[in-house]
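Q: Below is one structure. I have some questions about it.
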Amino acid sequence: MPHAADCLLEAWGPDRATCLTQALLALVDTFAEVHDSVTTEVLPLATPASGAEDALVSLLEEVIYLVDALGVVPIRFHLAEAEDGGLAGDMEVVPASRVDLVGPVPKGVSYHALQVAPFGGGWRCRALVDV
């Protein structure tokens, strides 16, 4: 959802890990079309046991960092609940040159309007991303 110089992401899923995975995919969709890109590398992705909102911010900021610092774009995410209460998994990435950049790469995540909570038998999240 466009929001002035920001982008408001919303995602849903049957469980927290799926919901946050959908939020990560939504983030990538704001700036890149990945088509059927072939993975060139798999990188770990994890959050420590913390609040659900902190986990979402951590994951979104990790994607933003990878694009900015390493020049790679995640195209697939695999997350699951970890035994310690955090999330663990990985992401498949490709060089940014192999995707179509369709918008500005986000710069950060705001705690304003941030929500992660059970909703209607599943989970729902919302995050405001600075572009």
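What follows is calculated from the coordinates using simple rules that are stated; it is not laboratory data. Here the structure is a predicted model, which is why all the values come from computation and not from measurement. Here Cβ is always computed from backbone atoms with ideal geometry, including for glycine, and neighbour counts include all displayed protein chains.
Q: Please list 3J(HN,Hα) in residue order for the range 70-78, calculated via the Karplus relation 6.51 cos²θ - 1.76 cosθ + 1.60 where θ = phi - 60°; whole Hz, with x for glycine and proline.
A: 10, x, 10, 10, x, 10, 8, 10, 9
Q: ³J(HN,Hα) across the range 126-131 via Karplus (A = 6.51, B = -1.76, C = 1.60, θ = phi - 60°), whole Hz, x for Gly/Pro?
A: 8, 8, 9, 10, 7, 10
Q: Grab the DSSP H runs of the chain that are 4 residues or longer, score each as -39,500 (n - 2.57), total them, divide by all residues and round the 222 nm result to the nearest 500 deg cm²/dmol.
A: -7000 deg cm²/dmol
Q: Report the rotationally averaged projected area of the chain based on its alpha-carbon convex hull, in square nanometres.
A: Reported value for the Cα convex hull: 7.5 nm².
Q: Counting only other residues whose beta carbon sits under 13 Å from that of D130, what net charge do I get with K and R as +1, D and E as -1?
A: It works out to a net charge of -2.
Q: I need the phi-derived Karplus couplings for the range 55-60: 6.51 cos²θ - 1.76 cosθ + 1.60, θ = phi - 60°, integer Hz, Gly and Pro marked x.
A: 4, 4, 4, 4, 5, 4
Q: Taking H placed 1.01 Å from N in the peptide plane, check which residues at least 5 places from W123 or on another chain put their amide H under 5 Å from its amide H.
A: Amide H neighbours of W123: G13, D15.
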